[in-house]
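To start, the structure under review is shown below, and the notes come after it.
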Amino acid sequence: MLTIKNLTASINDKPILRGIDLEVRPGEVHAIMGPNGSGKSTLANVLAGREDYAVTGGEVSWQGRDLLALAPEERAREGIFLAFQYPVEIPGVSNVNLLKAALNAKLKHLGREELDAYDFLALVKERMKLVQMPEDFLYRAVNEGFSGGEKKRNEVLQMAVLEPLLGILDETDSGLDIDALKIVADGVNALRAPDRSFVVVTHYQRLLDYIVPDHVHVLAHGRIVKSGGKELALDLERRGYGWIAELERGAGDDARA
Amino acid sequence: MTATGNAAIHYLEQFREQRPELPGREPAWLDGLRREALEHLATAGLPTPRDEAWKYTNVSSIAAQAFTPAAPGAAVPDRALLESLLEPGLGGPRLVFVNGRYLPELSSPPALGGGVRVRPLAAALAEGGESLRPHLAWPPGDGSGFTALNTAFMADGACIELAPGARLEEPLHLVFVGGEDVLASPRNLIIAGAESSATVVEEYVGPEGGRYLTNTHTRISLEEKAQLVHYRLNRESLRAFHMGELRIRQAAGSRFVSTAVALGGLISRTEVRVDFSGEGAETRLNGLYVASGRQHTDHHLHIDHRLPGCTSEQFFKGVLDGAARGVFSGRVVVHPDAQHTDARQSNKSLLLSRNAEMDARPQLEIYADDVKCAHGATVGQLDGDALFYLRARGVGEAEARHLLIHAFVGDVLDRIPLPPLRQALERLLWARLDRREAAGA
Ligand SMILES: Nc1ncnc2c1ncn2[C@@H]1O[C@H](COP(=O)(O)OP(=O)(O)OP(=O)(O)O)[C@@H](O)[C@H]1O
Ligand SMILES: [Mg+2]
């Protein structure tokens, strides 16, 4: 359902993604790991449509459509959800208003009727239980003054309400305490479905104990330098990224050849 | 001769012609007052950017146009147009003034009695108006060419008198409608006796595209523990000029809460001056300005704390788009004897376009040592990260901007506890902002 071919992107003329290929099929979980600065968030943001990045080459098709031609809001309504590595604080806009605007935009796009106030609140409250978030968070301004872990949980809450087809989790596990990690992972697992896929960016094997990936990829210097099954994550945990440098050199040679 | 000098001559000539028509020629003091004002106008002219208080607001384009001071019987827009301008109403008592003159047909004054007296100023002056004399006097200290112009031509306005302990139960709505090429010079008086209370809404409107000058002046006097909630809504035509002055004198323990909303006018300026004449008085000045295209909007506030224990707050926010220019100049002076003063000042502006510009000058001068004072001013753009965050959740770009702008102005609107006014304002505000979006300005 998501096919990325030779995607390159840069920011301020500095190339960050240097040829990404990735195929995500319905129901799959892909983990993306890799050193700091390797381009994981860039990839996630390019998929979500952030305009600060210039896509300089390659294609991305989403359910047969050219994803790169869509505005960020259209991508979201078509079922792509990015859980931000650094969720943004929006003073003056309440969580509940954001959720309502987002959900209604999606329903409208799909030609479905908007939920009335009662059904909407019932849905949101049910999903809040999933991430064990107290109800008063609904009426607080989006992420304003939330702790790091609360922000991450709020991302998962939004995802649970919007029910995307592809959830891209950018280090949603970072900054979570052990219990919160479990809550978030359980929340994600509860959303798993045959037609719903996840791309999980993480630095830690531990998350992958809970959300078990079908594929693990290592991103380094803007390329996927190694892909494997879930055992690759264990490998990385043990050996670090040092040996990846070797692989990269190889990949570089290939590219030159 | 400069444009502002020529303007002075033009208005002197006009005064000569109209003098027989102006009310209050009988009480000699009023005639004297007008001539004193004309003297000021003749020597000082209309303000220029060389005047410190007018540094950022150039009124030469106002001075360059010879507006005709509204005479009795000047053309009045037709009834249907007037009624459309009066929407949305607030439903309570209302005084309507067209070209600065009272129009009884469209007015519904509040019931008399209970120590409340609401009259058109012209009627009050026709009865001699001796008791009003101190409230109409030339302002002590300074006064600009516009103050002088208003004083020379003032003929009518709302005259609201509250006896001690009186309450004006419903909000009183004053509507001032401008007409083509006319100079309107409304003069309003609110004289509130001890422990009286009232809510007054001053609204300025004009036919779309109308070019005229509203030069209005409101004097407010609050005796001990009087309370006044005051709204000032400028939704003049986008080609009109609006010069407004508000002067408040507050006795001990009185409370003045005002919210000024400026949406209209090509060039608009509101000047507010507060003087405390007793201890423990409180004044809160809230404001919201929205400007686009080539609009220029200026708020000039001056609060003097001369006595101990008074509280003042200035809370102004604005949204500027297109090539609009905003000015906020808030001066608070805490004099040496004004111990235990609590003075706060905040001005925040949101610029929606590269060409919009804001001059923010919060000035806090403190000469007393035991005081609580804070001030701050920020000028910023819509947060790009927040915008992307909302869009990434499926919220369309226009709606996302809407949400963020609404979030920005929300806390000023929250300070309007009058639901019908607040709802009307929200509608007007969005009509204004959406028009801008549609025009892609
Ligand atoms: N505005 C910018 N200007 C220049 N370089 C940038 C800019 N934004 C990002 N980069 C660079 O792009 C590279 C990729 O960043 P990205 O955030 O995608 O890394 P990441 O793999 O997500 O890292 P982390 O694991 O630390 O989250 C980094 O080297 C970063 O410094
Ligand atoms: Mg990252």
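The values are calculated or read from the model by the stated rules, or taken from the named source; none is laboratory data. Keep in mind that what you see is a predicted model, and the values were worked out from it rather than measured. Neighbour counts are summed over all protein chains in view; Cβ atoms, including those assigned to glycine, are modelled from backbone coordinates with ideal geometry. Surface accessibility is based on the protein's heavy atoms, side chains included, excluding ligands, DNA and RNA. Shrake-Rupley method; radii C 1.70, N 1.55, O 1.52, S 1.80 Å.
Look at the stretch A:79-92: the mean tally of other chain Cβ atoms within 10 Å of its residues' Cβ atoms is 4. For B:Asn6 and B:Ser60, the difference between the fully extended length at 0.36 nm per residue and the C-alpha to C-alpha distance is 18.4 nm.
Buried area at the B:A interface is about 1800 square angstrom, summed over both chains, from accessible surfaces computed with a 1.4 angstrom probe.
With 25 Å as the limit on Cα-Cα distance, the pairs of A:Lys106/A:Lys151; A:Lys152/A:Lys226; A:Lys106/B:Lys348 that go past it are A:Lys152/A:Lys226; A:Lys106/B:Lys348. Residue ranges B:67-73, A:152-158 sort as A:152-158, B:67-73 when ordered by packing (mean number of other C-beta atoms within 10 Å per residue, highest first). Charged side chains reduced to their Cβ positions (Lys and Arg at +1, Asp and Glu at -1) give the range B:3-278 a dipole of some 340 debye around its Cα centre. Solvent-accessible area per residue in the range A:2-256 equals 44 Å², computed with a 1.4 angstrom probe and all protein chains kept. The amide H of B:His173, built 1.01 Å from its N in the peptide plane, has B:Arg94, B:Leu95, B:Val201 as neighbours under 5 Å, considering only residues 5 or more places off or on other chains. Keeping the other protein chains in place, figure out the carbon and sulfur percent of the accessible area of the range B:1-83, with a 1.4 Å probe. Here it works out to 51 percent. Using a probe of 1.4 angstrom and keeping all protein chains present, the accessible surface of the range B:3-278 works out to 37 square angstrom per residue. The mean count of C-beta atoms from other chains within 10 Å of the C-beta of residues in B:394-405, rounded to a whole number, is 6.
For the protein assembly as shown, the dipole from Cβ point charges (+1 on Lys and Arg, -1 on Asp and Glu) about the Cα centre works out to 540 debye, to the nearest 20. Taking B:Arg79, B:Arg284 and ordering them by how much accessible surface each has at a 1.4 Å probe, largest first, produces B:Arg79, B:Arg284. When DSSP assigns beta bridges and you keep just the ones with both residues in the range B:327-441, what percent turn out antiparallel, to the nearest 5? Roughly 0 percent of the DSSP beta bridges within the range B:327-441 come out antiparallel.
Under the classification rounded if a/c is under 1.5, otherwise prolate if a/b is larger than b/c and oblate if not, where does chain A fall, given a ≥ b ≥ c as square roots of the Cα gyration tensor eigenvalues?
Since a/c reaches 1.5 and a/b is larger than b/c, the shape of chain A is classed as prolate.
When each of the peptides B:200-207, B:157-164 is scored by the mean number of other C-beta atoms lying within 10 Å of its residues, the order from highest to lowest reads B:200-207, B:157-164. Straight-distance candidates among the lysines for linking to A:Lys230, with alpha-carbon spacing under 22 Å and chain neighbours fewer than 8 residues away dropped: A:Lys40, A:Lys182. Computed over Cα pairs, the Kirkwood radius of the range B:385-441 leads via Stokes-Einstein (1.002 mPa s, 20 °C) to a diffusion coefficient of 173 µm² per second.
Panel note: the C-alpha atoms of chain B, placed on their principal axes, show extents of 70, 51, 48 Å (largest first). Of the beta bridges in the range B:3-278, as assigned by DSSP with both residues counted there, near 10 percent are antiparallel.
Counting only Cα atoms, the range B:345-441 measures 53, 34, 26 Å along its principal axes, largest extent leading. Ranked from largest to smallest solvent-accessible area, with a 1.4 Å probe on the protein heavy atoms, B:Trp29, B:Trp54 come out as B:Trp29, B:Trp54. Scanning residues 5 or more positions from B:Ser353 or on other chains, those with amide H under 5 Å from its amide H are B:Gly322, with H placed 1.01 Å from N in the peptide plane. Accessible surface computed residue by residue for the range B:385-441, with neighbouring protein chains in place and a 1.4 Å probe, gives 40 Å² per residue. For the pair the range B:261-282 and the range A:40-65, the centres of their Cα atoms are 52 angstrom apart. Close amide H partners of B:Ile303, meaning residues 5 or more places away or on another chain with modelled amide H under 5 Å apart, are B:Val274, B:Arg331, B:Val332, B:Val333. Here the 3J(HN,Hα) profile of the range B:104-113, calculated from phi with Karplus coefficients 6.51, -1.76 and 1.60 at θ = phi - 60°, is x, 4, 9, 9, 9, x, x, 4, 6, x Hz, Gly and Pro shown as x.
Label zone of A:His203 (point 7 Å out along Cα→Cβ, amide N under 19 Å): in the range A:28-61 this covers A:31-45.
Using equal-weight Cα scatterers in the Debye expression, the normalised intensity of the protein assembly as shown in log10 at q = 0.11, 0.12 Å⁻¹ is -1.05, -1.17. Farthest toward the positive end of the dipole of chain A, out of A:Val188, A:Thr3, A:Ser94, is the Cα of A:Thr3, where the dipole comes from beta carbon charges about the Cα centre. Note on exposure: B:Arg211, B:Arg294 ranked by accessible area (1.4 Å probe, complete protein assembly) read B:Arg294, B:Arg211, with the most exposed listed first. Helices meeting the span-like rule in chain B (full DSSP H runs, Cα extent of at least 20 Å along the helix axis, mean Kyte-Doolittle score of 0.5 or higher): B:397-413.
Note on A:67-73: average number of Cβ atoms from other chains within 10 Å of each residue's Cβ is 4.
Surface composition of chain A: carbon and sulfur atoms hold 48% of the protein heavy-atom accessible area at a 1.4 Å probe.
Determine the percent antiparallel among the DSSP beta bridges restricted to the protein assembly as shown, to the nearest 5. Approximately 20 percent, going by the DSSP bridge assignments.
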